[in-house]
């Protein structure tokens, strides 16, 4: 079975086409129901194969905090909470890390003057990660639920309907900047 982002199709038999454009496999019709693959069996639509994802996204804090230059510490207050990410869609997270890595003064955009002191992650309205007291200087690949040092097999985290990430800002005079990196798949 397959899904091209608009329509669900039957068994793929070659790279050039699909065996059944009418939407049935082994005599059972099936459909895409908001990203879930369903098969009609005995008059009942049953979900099979889990969630279908057709979009990829890589996201980082630059998109939220902006490409601010020196003086960013005046734009954010100590203890201020910033919504770093908020999406109401089923999604599969393949990478999620954060920290306060060191940066050189020659970096084109610089967050010098602020860092993360805390990052919280909600999946489907449940707080699942609360990383409090983040060191003012830490590699962003060393913190978070899906960091490279933890990869012993293919891993991911799924949200059925909602992902929300909030960062708490701390002022600092160091040569660091807050960084959150998120890679995910979702249905649209």
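The values are calculated or read from the model by the stated rules, or taken from the named source; none is laboratory data. It should be emphasised that the depicted structure is a prediction, and the values quoted were computed from it without experimental measurement. Don't worry about glycine lacking a Cβ; one is built from the backbone with ideal geometry, like all the others, and counts go over all protein chains shown.
Give region 132-165 a look and list any residue that's part of a helix (DSSP H, G or I) and either modelled with pLDDT of 85 or more or surrounded by 18 or more Cβ atoms within 10 Å (Cβ to Cβ) (or both), or say none.
Narrowing region 132-165 to residues part of a helix (DSSP H, G or I): 140-142, 148-150.
140, the sole residue that qualifies.
Which is at pLDDT 70 or above and loosely packed, with under 12 Cβ neighbours inside 10 Å, of 33, 60, 42? Let's see the steps before the verdict.
Working: 33 fails: loosely packed, with under 12 Cβ neighbours inside 10 Å; 60 fails: loosely packed, with under 12 Cβ neighbours inside 10 Å.
Step by step, each of 33, 60, 42 is checked, and only 42 is at pLDDT 70 or above and loosely packed, with under 12 Cβ neighbours inside 10 Å.
Can you tell me which residue within region 78-108, out of those that are outside any strand (DSSP E or B), at negative phi and loosely packed, with under 12 Cβ neighbours inside 10 Å, is modelled with the highest pLDDT? Before the answer, list the steps.
Filtering region 78-108 down to residues outside any strand (DSSP E or B) leaves 78-80, 88-90, 101, 103-108.
Then keep just the ones that are at negative phi; that gives 78, 80, 88-90, 101, 103-108.
The next check asks that each one be loosely packed, with under 12 Cβ neighbours inside 10 Å; those that pass are 88, 104-106, 108.
Working: 88: 93, 104: 64, 105: 58, 106: 55, 108: 46.
Filtering first and then ranking leaves 88.
Taking only pairs six or more apart or across chains, which ones have beta-carbon atoms under 6 Å, a first residue in region 137-162 that is in the same structural domain as residue 127 (by TED's automatic domain parsing) and closer than 25 Å to residue 87 by Cα, and a second residue that is at pLDDT below 65 and part of a helix (DSSP H, G or I)?
Matching pairs, first to second residue: 141/148.
Return only the number of the condition from (1) within 30 Å of residue 51 (Cα to Cα); (2) buried (at least 17 other Cβ atoms within 10 Å of the Cβ); (3) at pLDDT 85 or above that residue 168 does not satisfy.
Only one criterion in (1) within 30 Å of residue 51 (Cα to Cα); (2) buried (at least 17 other Cβ atoms within 10 Å of the Cβ); (3) at pLDDT 85 or above is unmet by residue 168, namely (1).
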